[in-house]
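Report on one structure; see the data block that follows.
Derivation of every value follows stated rules applied to the coordinates shown; laboratory data play no part. Keep in mind that this is a model prediction, so the values were computed, not measured. Note: ideal-geometry Cβ built from the backbone for every residue, glycine included; neighbour counts use all protein chains shown.
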Amino acid sequence: MRYLFFDIECCNGRNICEFGYVITDDKFNILEKKDITINPENKFNLTGRPDGRDLYLYYPESTYYRSNKFPYFYENIKKLIEYPDQLIVGHAISNDAGFLRSACRRYKLDPINFKFADSQRMFSEFANIRKSISLETAGENMNVEKPKYLHKSDDDSELTMNLVKGMCKQLDCSLEELIELCDSCFGKSENNQITYDDFEIRQQKRYEAAKSGVNNTVKGRNYRMFLQFLDGVKPQGDIVESDLNDKSLCVSLNYEIGHFKEMLSLVQLLTNHNATYKMRASDNDIFVTCDAKDDEGNIRHCSRLKHVNDVIAEGKNIKIISFDELLKILNVTEEELSTMPFPDASSFYKKAKPRQRAKKKEPKFEKKEFKGPTLGDLFPDLFKKLKNEIDEDK
């Protein structure tokens, strides 16, 4: 699997004059970077526009006019974008898809069909904001190194790649998992129609796939479903009184990552005990260990346990228990976890995040009534003279 990040510049907001891209492997290592200048066969209108800010491209206009026209590059661009085993990402990429559609229509060429992920929408969900953020601003928010030139299409493609790479790093996930986490970012350009996927349809497909049991790992789509279940799960009946009441727990990755169905059952039982499951191990009251071996028979390392031991060494109070101890408290066997009914679809729907409002700053000093002598009290003759002069002027 490779990743393609591309960006398009236009001479007037419609006609393509530059196409740039970056190809990486699934670890974001750059395999190829290139930009192509294209004769737009139209005038440049990028400054002094009443409805937009001035935009300055890297190359002079003469360079674009000396370049070949879009049909000359069409086959190579089409081959690049329609490459079978790749994910395509761009910032506000529906605009770029629209530019390609317009160019194909203009020169009577077959449409270029592809699926895409929009890094602008990814960042909006990542940062929990509702407005669209420019690539430059998003990069600054993520402390991504600025390219040498802005509005140079290959450099903008690399900036998009670094933005996505930064989000994946902070969330500790792959690009595929990031796309699954961001409902609104995925779309397609097909037969001159540019659309974003409908959340309800995608959610139903995810639910049916998870319920089928074909994949029982907490990865990819199941990872997203698990996060949604943590948000949506509710207690069944009265709260069970136990030592888990009002506690937060986390289970070793040795168990969690390979037992999606069982983890859903486990979280439901914990919720019935008024306990909370948190995936950040060091934020919990209790950590549950689970020994496991790899294919070669060696004890499998759990990164969560290391983090827990680190914060315990720093003074945090986290109780460590075994998986068998947890099952005993919950009065359930591991086999029963796997045979419990699959949760209802309504338990997986994502809750809307509340919009964060900036707090009003309190004044540094409290305004108090002044009770001391005034200047009029200290200099009565002077103020009387000034008052008389003002009255005379009137």
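Annotations
- Counting every other Cβ atom within 10 Å of each residue's Cβ, Val311, Val288, Val22, Val240 order from fewest to most as Val311, Val240, Val288, Val22.
- Taking other C-beta atoms within 10 Å as the exposure proxy, Met142, Met340, Met263, Met122 rank Met340, Met142, Met263, Met122 from fewest upward.
- Computed from the C-alpha gyration tensor, the three semi-axes of the ellipsoid equivalent to the range 208-348 are 23, 20, 14 Å, from longest to shortest.
- The alpha carbon convex hull volume per residue for the range 126-236 rounds to 159 Å³.
- When only Cα pairs below 8 angstrom with a gap of at least 6 residues are kept, the range 1-148 shows a relative contact order of 21 percent.
- Positive dipole terminus of the chain, leading residue within Leu327, Cys290, Asn141 (C-beta point charges): Asn141
- Potential lengthening between Glu41 and Lys278 on full extension [0.36 nm per residue; Cα-Cα distance subtracted]: 79.6 nm
- Working note: Cα atoms of the range 2-197, range along each principal axis, descending, whole Å: 45, 36, 30.
- Phi to ³J(HN,Hα) by Karplus 6.51 cos²θ - 1.76 cosθ + 1.60 over the range 221-237, Hz, x for Gly, Pro: 4, 5, 4, 5, 4, 5, 4, 5, 5, 4, 6, x, 5, 10, x, 9, x
- Relative contact order %, the range 208-348, counting alpha carbon pairs below 8 Å whose residues are six or more apart: 29 percent
- With the charge dipole of the chain set up from +1 on Lys and Arg Cβ and -1 on Asp and Glu Cβ about the Cα centre, the Cα lying farthest toward the positive end among the listed residues Gly20, Ala103, Phe123 is that of Ala103.
- Over 23 Å between alpha carbons, listed pairs Lys33/Lys78; Lys131/Lys219; Lys219/Lys278; Lys169/Lys316; Lys169/Lys306; Lys261/Lys316: Lys131/Lys219; Lys169/Lys316; Lys261/Lys316
- Summing charges over all other residues whose Cβ lies under 15 Å from the Cβ of Cys290, with Lys and Arg as +1 and Asp and Glu as -1, gives -2.
- Kirkwood estimate for the chain, i.e. one over the average of 1/r between Cα atoms, Å: 25.8 Å
- Remark: the Asn298-Glu75 segment gains 75.1 nm on full extension, using 0.36 nm per residue and subtracting the alpha carbon distance.
- Whole-Hz couplings from phi, Karplus 6.51/-1.76/1.60, listed for the range 113-122; x for Gly and Pro: 9, 6, 9, 8, 10, 9, 5, 5, 5, 4
- The range 2-197 - charge dipole about Cα centre, Lys and Arg +1 at Cβ, Asp and Glu -1, debye rounded to 20: 740 debye
- Part-to-part distance (alpha-carbon centres) for the range 105-156 and the range 263-301, which is given in Å: 37 Å
- For Glu256, neighbours were defined as the other residues whose beta-carbon sits under 11 Å from its Cβ, and their charges (Lys and Arg +1, Asp and Glu -1) total +1.
- Here the contact order of the chain, divided by its residue count and restricted to Cα pairs under 8 Å and six or more residues apart, works out to 12 percent.
- Residues with amide H under 5 Å from that of Val89, placed H, sequence gap 5 or more: Leu4, Phe5, Phe6, Ala117
- In this simple spin-label approximation, Asp310 and Asp85 carry label points 7 Å from Cα along the Cα→Cβ vector, and these lie 3.5 nm apart.
- Between Leu55 and Glu208, the modelled labels are 4.0 nm apart [label points 7 Å from Cα along Cα→Cβ].
- Amide H contacts of Lys34 (H built 1.01 Å from N, under 5 Å, at least 5 apart or other chain): Tyr21
- Within straight-line cross-link reach of Lys152, aspartates and glutamates at Cα separation under 17 Å, skipping those fewer than 8 residues along the same chain: Asp7, Glu9, Glu18, Glu32, Asp35, Asp54, Glu61, Asp96, Glu136
- For the range 255-301, the normalised intensity computed at q = 0.22, 0.24, 0.26 Å⁻¹ comes to -0.91, -1.00, -1.09 (log10 of I(q)/I(0), Debye sum over alpha carbons, equal scatterers, no solvent).
- The modelled label-to-label distance between Gln236 and Gln170, using points 7 Å beyond Cα along the C-beta direction, is 3.7 nm.
- From least to most packed, judged by other beta carbons within 10 angstrom and beginning with the fewest, Ile312, Ile299 follow the order Ile299, Ile312.
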